[in-house]
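Worksheet: one structure, shown below.
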Amino acid sequence: MEEARDRFFSKVNKTETCWLWTGSNNIDGYGIITFQKNRYLSHRFSWLLAGNAIPEGHLIRHKCRNRHCVNPEHLETGTHQQNASDRIRDGTETKGNRNGKSKLTEEQVRAIRANPDNKTNREFAKEYGVHNTTIADIIHRRTWNHLT
């Protein structure tokens with residue numbers, strides 16, 4: 001366990017409040033650490049190093065709202081639903097333009113919904129380089145439903 005602690009803290013910058021992860025990050029920007037051939041999110045690893053358990057079906061949430069923080073005093077367990085509510089509260093949801101996989105902009109989605117030229121779904125799809133069903137999903141508010 002001492003090896004785990006040493007390795008972990010060699011990648012932590014302790015500030016007056018947060019302990020900031022300085023090691024590698026995953027695609028979502030959360031710290032990652034590999035130990036004994038297992039890969040962990042750095043904040044989960046910190047929680048476990050501090051001697052805390054993670055209840056079944058729970059994850060580790062950031063009370064300080066800083067995804068790079070690994071200070072166990074700034075962490076807590078919670079459900080996926082609580083975590084989703086945190087993202088809404090903090091404005092960090094990855095909907096629309098904030099989703100790295102999005103091919104359309106909010107302006108384009110609004111144009112599709114307004115459709116002043118009576119274009120077909122196929123015409124929009126060709127114009128924007130997406131599939132017909134993408135356009136139908138937008139029109140029927142199965143996607144981009146956060147836009148008013």
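Below are the figures for this structure:
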| read-out | value |
| --- | --- |
| Summed side-chain charge close to Ile54 - residues other than Ile54 whose Cβ falls under 15 Å, Lys, Arg +1, Asp, Glu -1 | 0 |
| Reach of Lys11 by Cα under 15 Å, taken over aspartates and glutamates that are not fewer than 8 positions away in the same chain | Glu2, Glu3 |
| Long-range amide H partners of Asn25 with built H, under 5 Å | Ile32 |
| Correct option for semi-axes √(5λ) of the Cα gyration tensor in Å [calculated from the coordinates] among (1) 35, 18, 12; (2) 42, 15, 13; (3) 22, 19, 14 | (2) |
| Total formal charge among the other residues, if their Cβ is under 15 angstrom from that of Tyr128, Lys/Arg +1 and Asp/Glu -1 | +1 |
| Exposure proxy ranking, count of Cβ atoms within 10 Å, fewest first, for Val130, Val70 | Val130, Val70 |
| Global geometry of region 1-66, whether rounded, prolate or oblate, following the gyration tensor of its Cα atoms and the 1.5 cut on a/c | rounded |
| Proximal lysines to Lys103, defined as alpha-carbon separation beneath 29 angstrom and excluding residues fewer than eight positions away on the same chain | Lys95, Lys119, Lys126 |
| Dipole of the chain, positive direction: furthest Cα of Ser10, Ser42, Ile112, with charges on the beta-carbon | Ile112 |
| Helix-only mean residue ellipticity at 222 nm for the chain, each DSSP H run of n ≥ 4 adding -39500 (n - 2.57), per residue, nearest 500 | -10000 deg cm²/dmol |
| For Val12, residues with placed amide H under 5 Å, excluding near neighbours | Thr22 |
| Exposure proxy order (Cβ contacts within 10 Å, fewest to most) of Glu56, Glu123 | Glu56, Glu123 |
| Relative contact order, percent, the chain [alpha-carbon distance under 8 Å, six or more residues apart] | 14 |
| For the chain, size of Cβ-based charge dipole, Lys and Arg +1, Asp and Glu -1, in debye | 320 |
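Rule-based calculations on the coordinates, nothing more; no lab input. Please read these numbers as outputs of a predicted model, since none were measured by experiment. Ideal geometry is used to build each Cβ from the backbone, glycine not excepted, and the neighbour counts take in all protein chains shown.
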